[in-house]
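Student: First, the structure itself, so that you have it in front of you.
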Amino acid sequence: MMDQLVQGDEEITNWVKRSKMIDAVTRLPGDASTRRYYRLQAQGGESYIVMRMETFAEQGKDLPFLVVQQHLSEAGVDVPQVLDVDPERGFILLEDLGDVTLLRRLQEVASDDIERHLYERVIDSLVHLQVQASPKKKPVEIAAYKMRFDREKLMWEVNFCIEHFYQLYLKREISSADAKIMQNGFGEICKMLADEPTVLTHRDFHSRNVMVTPVVGKIAKGEPRERLVMIDFQDARLGPPQYDLASLLKDSYYQLEEAQIARLLDYYIAKWEAASGQRIDRERFIWIFDLMSIQRNFKAIGSFASFVNLRGNPTYLKYIGNTFENIRRTLLKYPQYSKLREVLFHYYYF
């Protein structure tokens, strides 16, 4: 067994050695965070995932991941099952969802219809979260309800991108006049977004944070054979319904055609109205969706650049081009933001 254990990680090996039921441990590729993941293979054929992070002994069961996981699970949202917790060592034992993300599953789609139907199922889960796990339906005392995307938070993310992408990564010197255009343009956008009604948001809802895993056990006729499970939800907070929807449909990792996005927006609106009993002004909803996608994509670019600046990790730089294209196409729809668009792309391309 020891020959198969992960080399150079004594904490995880010592923790696992206490169990005679585990045959092998495999370290898995990580995500954009500093967490590490391991697959444990049991003698009976079952497998589990260990998520390793910094010790959370002081927080214990109040760790945001655990609190949000329980909250979403109780609301009927499909999230990974937590099997065991070791706060002292920073270990959380989870069910094994496999290795297929929504992003990987999308590589197999053979038509626009199949792509759309897959996204419709994800939207079903998102609407369920927004309706069933938000304060109006589930009024509980959790930290996620005490945080929201206000103007200050949204602008902090904008300025984070300006610093980490333009100034630190691209080494651009932004003139005071152009900096003012950026601040005024994004300031107006962020104020409008902050004034919108809020729901609970996942906060990082994209194709890499939905796992596609086979349903275990007998499947009723007509029922899906695959679960679509949300992961990486620990940073949940209140925000506009369009926040997670923009993350999903204007994804940095997977480009949907504009016509497909329009169809999926119509689908979302119909599902939301049916689930919430509230009517949506489609024109205004799309307007806020577009503004949200501009801010959300800009924030993502800042994150990708910061991984290089702060961790020396260039992995996510390849997604900046797609993300900027999302911003460009959206800004082109609104002449009032033409100066903002010109400034953003001037310092990107020159």
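The values are calculated or read from the model by the stated rules, or taken from the named source; none is laboratory data. It should be emphasised that the depicted structure is a prediction, and the values quoted were computed from it without experimental measurement. Just so you know, the surface numbers come from the protein's heavy atoms only, side chains and all, with ligands and any DNA or RNA stripped out. Shrake-Rupley method; radii C 1.70, N 1.55, O 1.52, S 1.80 Å.
Student: Looking at the chain, send over the antiparallel percent of its DSSP beta bridges, to the nearest 5.
Tutor: Roughly 95 percent of the beta bridges in the chain run antiparallel, per DSSP.
Student: Which of the lysines could a cross-linker bridge to LYS339, judged by Cα under 16 Å and excluding same-chain residues fewer than eight apart?
Tutor: Filter leaves LYS180.
Student: Translational D (Stokes-Einstein, µm²/s) of segment 104-162 at 37 °C and 0.692 mPa s when Rh comes from the Kirkwood sum over C-alpha pairs?
Tutor: 222 µm²/s
Student: Now for a different question. Would you mind giving the average projected area, over all directions, of the Cα convex hull of the chain in nm² with one decimal?
Tutor: Mean shadow area of the hull around the Cα atoms is 19.7 nm².
Student: What 222 nm value per residue comes from the helices of the chain, counting each DSSP H run with n ≥ 4 as -39,500 (n - 2.57) and dividing by all residues, nearest 500 deg cm²/dmol?
Tutor: Taking each H run of at least 4 residues, the total per residue is -14500 deg cm²/dmol.
Student: With every atom except the alpha carbons ignored, what do you get for Rg and Dmax of segment 195-339, in angstroms?
Tutor: 17.0, 57
Student: Roll a 1.4 Å probe over the protein heavy atoms and report the accessible area of VAL127 in Å², nearest 10.
Tutor: The accessible area of VAL127 comes to roughly 10 Å².
Student: Using amide H atoms built 1.01 Å from N in the peptide plane, name the residues 5+ places from GLU226, or on other chains, whose amide H lies under 5 Å from its own.
Tutor: Answer set, sorted by chain and number: VAL215.
Student: Continuing with this model, one more query. Under 21 Å Cα to Cα from LYS218, which lysines show up? Leave out anything in the same chain fewer than 8 places away.
Tutor: none
Student: Given LYS138/LYS250; LYS191/LYS318; LYS136/LYS299; LYS146/LYS191; LYS138/LYS191; LYS153/LYS191, which pairs have Cα atoms separated by over 22 Å?
Tutor: Values: LYS138/LYS250 29 Å; LYS191/LYS318 30 Å; LYS136/LYS299 28 Å; LYS146/LYS191 19 Å; LYS138/LYS191 27 Å; LYS153/LYS191 11 Å.
Pairs exceeding 22 Å: LYS138/LYS250; LYS191/LYS318; LYS136/LYS299; LYS138/LYS191.
Student: Could you grab the relative contact order for segment 221-312? Cα pairs under 8 Å, six or more apart, rounded to a whole percent.
Tutor: Relative contact order, segment 221-312: 39 percent.
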